[in-house]
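Take a look at the structure below.
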Amino acid sequence: MDRVMSTALCSTERVIGLKEEQGFDGRVVLYPTNQTLKDYLSWRQADCHINNLYNTVFWALVQQSGLTPVQAQQRLQGTVAADKNEILFSEFNINYNNEPVMYRKGTVLIWQKEGEVTTKEVKLPAEMEGKRMAVTRTRTKPVPFHCNITGDAFWKEHPEIIPEDS
């Protein structure tokens, strides 16, 4: 379902099979320290992984094994990650570690400055005709990343996101 929803969220058309409009779960939270915020974001990424692993196995059981959703849920009840990985590998020949990182880690959006070059006609007040010239301006845009944010490497690579606590 995570794959369906990620496709649905990125599409302007209604996804066939969804009974409701696509949505996005957003929250505004104030944390006492930047480290607490990093820990929370790491937990959210781990939660994305847990949910996607479950959904990958669930839908494989339903779509490839012919189980009903209730049967698939019962089959997965009480399983841990190792059990789900074993089901994927032994029954469907799927190595979850080879699934695209986008699904295993989710998407992190980071606002980044990008130079944008456009061609415009520039006309000075005394001129009859304008001149076409390239104009560069900087815009801030959300850039998607599919990577591991649970360790220090990501935060060292992007120190502008969350400064170190003083």
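Please treat every number below as a calculation from the coordinates, not as lab data. As the structure is a prediction and not an experimental result, all values here were calculated from the model. A quick note on method: Cβ atoms are made from the backbone with ideal geometry, for glycine too, and the neighbour counts reach across all protein chains shown.
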Within straight cross-link reach of LYS120, meaning Cα distance under 18 Å, which lysines are found once same-chain residues fewer than 8 apart are removed?
-> LYS131
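I need the peptides 49-60, 69-80 ranked by packing, meaning the mean over residues of other C-beta atoms within 10 angstrom, with the highest value on top. List each step's numbers first, then the result.
On the way: 49-60: 18.2, 69-80: 12.2.
Ranking, from highest mean packing down: 49-60, 69-80.
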Stretch gain in nm, segment VAL101-GLN73, where the contour uses 0.36 nm per residue and the Cα spacing is subtracted | 7.6 nm
Obtain the nm distance between the two label points defined at GLU164 and SER42 by a simple spin-label model: each point lies 7 Å from its Cα along the Cα-to-C-beta direction.
-> 1.6
Pull up the cross-link candidates among the lysines for LYS38, meaning alpha carbon to alpha carbon under 21 Å and not fewer than 8 places away within one chain.
-> LYS105, LYS156
